[in-house]
1. Might you report the magnitude of the Cβ-based charge dipole of region 1-135 about its Cα centre, with Lys and Arg at +1 and Asp and Glu at -1, to the nearest 20 debye?
2. Picking from SER246, ILE274, LEU260, whose Cα lies most toward the positive end of the charge dipole for region 187-299 (charges on Cβ: Lys, Arg +1; Asp, Glu -1)?
3. Obtain the nm distance between the two label points defined at SER115 and GLN35 by a simple spin-label model: each point lies 7 Å from its Cα along the Cα-to-C-beta direction.
4. Stokes-Einstein D for region 31-81 at 25 °C, 0.890 mPa s, Kirkwood Rh over Cα pairs, in µm²/s?
5. Can you pull out the GluC sites (Glu not before Pro) in region 137-188 whose DSSP state is coil and whose Cβ has at most 16 other Cβ atoms within 10 Å?
6. Taking the chain as a Gaussian network, Cα atoms linked when under 10 Å apart, which of GLY291, GLY36, GLY114 shows the biggest mean-square fluctuation?
7. Which of the residue pairs LYS195/LYS227; LYS9/LYS273; LYS151/LYS227; LYS9/LYS195; LYS71/LYS210 have a Cα-Cα distance greater than 21 Å in the structure shown?
8. Take THR351 and ALA396, extend 7 Å from each Cα along the Cα→Cβ direction, and tell me the distance between the two endpoints in nm.
Amino acid sequence: MTKNKHDWKPATQLVHSGVLRSEFGETAEAMFLTQGYVYDTAEAAEARFKGEAPGFIYSRYANPTVDMFEKRMCALEGAEDARALASGMAAVTAAILCSLKAGDHIVAARALFGSCRWVVETLAPRYGIEATLVDGREIANWEKAVRPNTKVFFLESPTNPTLEVVDIAAVAALANSVGARLIVDNVFATPLMQKPLELGAHIVVYSATKHIDGQGRCLGGVILSDKQWIDENLQDYFRHTGPSLSPFNAWTLLKGLETLPLRVSQQTESAAKIADFLAGRPEVARVIYPGRADHPQADIIKKQMTGGSTLICFDLKGGKKSAFAFENALDIVLISNNLGDSKSLITHPATTTHKNLTDEARAELGIGDGTLRLSLGLEDIDDLLKDIDGALKAAA
């Protein structure tokens with residue numbers, strides 16, 4: 001029995017959608033740890049491989065537990081179909097490469113996670129795919145970069161780590177006008193606070209490692225789009241290159257989805273309070289938070305997001321020395337390059353996630369030596385404020 005009610009609210013969808021119960025009637029989703037499947041007859045095997053009969057063939061292609069995770073994500077995102085992959089970067093790479101060939105052209109916002117930028121700038125050109133990076137905040141920059149062979153637009157919004165925002169609807173409209181498809185990495189907004197498909201995007205990708213698991217347990221990724229695009233572009237790539245998600249990780253992610261609204265709500269509430277606290281401190285040169293009125297693109301945020309973020313970007317006045325002193329003085333907040341976790345995490349992008357960029361590229365993105373990215377967890381807000389206050393004093 002499969003449940004998938006489209007009129008349910010997100011919190012209900014994340015507990016019940018896509019459930020596939022066996023004859024045992026289990027409450028929790030079953031974990032199907034199997035590589036292959038058996039057939040009653042040779043004719044049944046033939047029919048399944050021909051696509052004439054429903055059922056599973058091999059867990060590299062599809063698996064019941066993974067299928068439940070994909071269906072639940074579809075219900076939340078409002079997508080026709082999805083494929084779950086082994087990691088967020090597997091999802092990004094597959095979404096970009098599966099529909100491109102030598103001679104095609106990508107336009108991408110320059111504010112990207114380091115590995116995403118490597119796929120666009122370094123990997124794709126090795127296969128004859130041209131790439132142009134633009135300041136994604138202005139639609140005119142996207143328009144100028146379009147060529148006759150442009151097939152894909154790619155962006156993340158809010159961006160990693162500086163929480164820039166791109167007008168998804170405007171870029172989607174441009175993509176439609178030139179016959180390209182827009183891929184949106186929606187990790188920082190989560191599917192609860194931003195719906196790229198409703199804004200006109202064609203494909204959405206997630207690192208499910210982040211908020212969806214959100215408890216530091218496993219890796220995962222997911223691509224969501226219309227069924228035709230997945231069937232015609234992604235399916236063969238996925239089937240033959242093998243970036244599939246393990247059933248165990250899919251089960252873990254299903255459990256993570258059940259508590260996603262509770263976790264994201266508290267993390268966002270804490271982030272808003274801490275952003276305001278940081279903005280009032282003399283040690284801090286700049287605070288960027290999508291929930292604040294002083295965000296440079298507050299008007300776009302109001303148009304396309306229903307909440308702020310679980311993350312804050314801020315700059316300390318003393319540069320790298322102050323940033324390191326701040327990190328080292330923290331007691332509760334942990335130094336880690338991950339995000340979206342139940343534990344609060346701090347990252348110095350210039351020496352970790354974005355260290356492979358040139359100094360010029362980091363400067364273009366607003367990543368300085370004093371820039372820090374703070375991902376809020378589920379700790380008590382008063383304890384977090386006290387911890388951050390002490391670290392700021394140490395940084396000064």
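The values are calculated or read from the model by the stated rules, or taken from the named source; none is laboratory data. Quantities reported herein were computed from a predicted structural model and do not represent experimental measurements. Reconstructed Cβ throughout: ideal geometry from the backbone, glycine too, with neighbour counts over all protein chains shown. Note: accessible area is taken over every heavy atom of the protein model, side chains too, but ligands, DNA and RNA are not part of it. Shrake-Rupley method; radii C 1.70, N 1.55, O 1.52, S 1.80 Å.
1. The dipole of region 1-135 has a size of about 320 debye.
2. ILE274
3. Between SER115 and GLN35, the label points sit 2.6 nm apart.
4. 201
5. GLU138
6. GLY36
7. LYS9/LYS273
8. 2.3
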